[in-house]
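The block underneath contains the structure these notes are about, expressed in structure tokens.
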Amino acid sequence: MAAENTPYRVLARKYRPQDFTALVGQEALVRTLSNAFESSRIPHAILLTGIRGIGKTTTARIIARALNCTGTEASPIVAPTPMPCGVCPNCVAIGEDRHPDVLEMDAASRTGVGDIRELIETVRYLPTSARYKVYIIDEVHMLSTSAFNALLKTLEEPPPHVKFIFATTEIRKIPVTILSRCMRFDLKRLDSARMGEHLGNIATKEQVGIENGALRLIAAAAEGSVRDGLSLLDQAIAHAGQETGSITITEHTVQNMLGLADASVRYDLLEAALDGNAPSAIAILERLYQAGADPVLTLQDLLEATHLLTRCRLMPDALEHQALPQAQAEKAKALSAKLDVPALGRAWQMLLKGVQEAKTAPDPLTAAEMVLIRLAYLSNLPSPEELVKAAKSTPAPSAPPARPTPTPGGMAYASGGLASQPAPATEPIAMAAPQNFNDVVALFEERREGLIVHWLRSETKPIDVSPGKLSLAASTRVPAEASTTIAARLLAWTGMRWSVSLSTESWETAGEDTLSAQAEKAAASRLATAAAHPLVAEVLAAFPGARIVDVKPS
């Protein structure tokens, strides 16, 4: 532990890597840069991108030390090396951020073209004591468009003694013209296992005891950011306090610090909700809330649990890679065997929407309770598969004995063509069979067969219509299967078989117009008759631009 007279340094600064070997989880970057240094193929511009706290600025400083390390008197280094000594004046000064030839610039606070011009003015001067002048520009995506344009020429052909290192969290905001002039490295998130191992090693160096469950929670909360993980470890050490001369961080301590629900209780909460036991689920949520758990984080825990249970259903060995405590693993395994994938999928969708609602709700606890209530009542609803099975197992109603049995499988026009569906349920018909074409159309209008009504009114012309027979001239827009559909409907509704034929060849030669065309002509005739009336003619003359829209019988 730090001595009492030494100012405390946070863990993120105390354990900042000083060379490539100390970078955790960035093997691809280390290998590429090490090979570049050993083969003297060092690029003049390097771009580092990744999430916050992943080590972009730290890597930039390591590169600057590797470029300018001079070694010791006993072992001098005369060229860039992938293994800087860390003790020469250049390495020490760069590590302490005070070397005159390694200039760090924060683009978030110096975004203008004037700042870049000032930097470019210094590029032509040779380094004072180092091998290279190194310009480290952090958050480079914050530069203005003019600043980027001012940098282009210098970045493409810099002096041989100059190296540029850019760092950014928003790679998409950087112009392609800049990207094409740099060697790009994407720093990867640290997975939970590597993060937990790294934090455990640092806790050992700090002589702090920490439970594996606590390490897992901190590693998950860090979301791949090493700096976030170290900051959370720092916070956990302070939160745990010191008892009997030592510090021990328990899983319960980290849960309280982060406002997380007990990992084992989340499965109890999820089980109660999916069992339809809303009162029990609300009681568990209330207990977690009183213990300090955040309602939004609790819903997110349920999301993670739902995802894990789904993976367990699909991949039985999924729990082996989670390193869960024995009690949690057994509870998760039992619950996954109890629930099927469709139920878990519906729970996932509802929880995913519920998390967003809880984040924006005035009272997150109330919103979380409503999500659990919806989840509980959702569990009592049948799945789509169960509905289909129930529909198939329900016997179809029998037709009246006096009527002939309709032909099976009437047709319905669906998107993409005619699709088979059960014929409409038959009802006793009190009216006589249609006597003419207008009666047929009226019957289909009464039965709300909108598509067939459209065909009959606008795309067909009657040729020969009588009870039991319907011969029509049809346009090519009427599908050939329409005759089967119309015949099946008429049979079901009238109790008599109909011969329905559709002829596209006689469409042009059919004498009568379609019903729609006849209606349009009748409407036009009424408008013309009304316009010819002397009184209406006077009104139209008195109001230029006026027109007759419709004529309704009195």
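The values are calculated or read from the model by the stated rules, or taken from the named source; none is laboratory data. Keep in mind that this is a model prediction, so the values were computed, not measured. Positions of Cβ are backbone-derived with ideal geometry, glycine not excepted, and every protein chain shown enters the neighbour counts.
Can you confirm whether ARG31 is without any contact (Cβ under 8 Å) to a residue 40 or more places away in the chain, under 19 Å from ILE165 (Cβ atoms) and not aliphatic (A, V, I, L, M)? Judged against the criteria, ARG31 is a match. Residues of the range 192-215 include at least one that is among the polar types (S, T, N, Q), closer than 22 Å to ILE51 by Cα, part of a helix (DSSP H, G or I) and out of contact with any Cys (no Cβ under 7 Å at 6 or more places or on another chain). Among all residues of the range 99-107, there is at least one that is more than 42 Å from the chain's Cα centre (by Cα), touching a residue at least 12 places away in the same chain (Cβ under 8 Å) and within 21 Å of GLY55 (Cβ to Cβ).
At least 2 residues being in contact (Cβ under 8 Å) with a residue 12 or more places away in the chain is the threshold, and among the helices (runs of 4 or more DSSP H) wholly inside the range 442-554 those reaching it are 450-458, 482-494, 515-532. Here ARG227 clears all of (1) of a type outside the set (Asp, Glu); (2) modelled with pLDDT under 85; (3) assigned by TED's automatic domain parsing to the domain that holds GLY200 except the condition numbered (2). Scanning the range 256-265 for residues that are in contact (Cβ under 8 Å) with a residue 12 or more places away in the chain, farther than 28 Å from LEU378 by Cα and hydrophobic (A, V, I, L, M, F, W, C) turns up at least one hit. Answer yes if at least one residue in the range 34-49 is touching an Asp or Glu at 6+ places or on another chain (Cβ under 9 Å), over 28 Å from SER146 (Cα atoms), outside the structural domain of ILE202 (by TED's automatic domain parsing) and not charged (D, E, K, R), and no otherwise. Checked against the condition, which is being touching an Asp or Glu at 6+ places or on another chain (Cβ under 9 Å), over 28 Å from SER146 (Cα atoms), outside the structural domain of ILE202 (by TED's automatic domain parsing) and not charged (D, E, K, R), the range 34-49 yields no hits at all.
Exactly one residue among GLY86, GLY50, GLY55 is more than 22 Å from THR122 (Cα to Cα) and crowded, with 23+ Cβ neighbours inside 10 Å, and that residue is GLY55.
Looking at the range 247-319, the helices (runs of 4 or more DSSP H) lying wholly inside it that each contain 1 or more residues that are surrounded by 22 or more Cβ atoms within 10 Å (Cβ to Cβ) and in the same structural domain as GLY345 (by TED's automatic domain parsing) sit at 263-274, 278-290, 295-314.
Taking every residue in the range 63-74 that is surrounded by 23 or more Cβ atoms within 10 Å (Cβ to Cβ) and pairing it with any residue that is small (Gly, Ala, Ser), at least 6 positions away or on another chain, the pairs with Cβ-Cβ distances below 6 Å are ASN68/ALA130.
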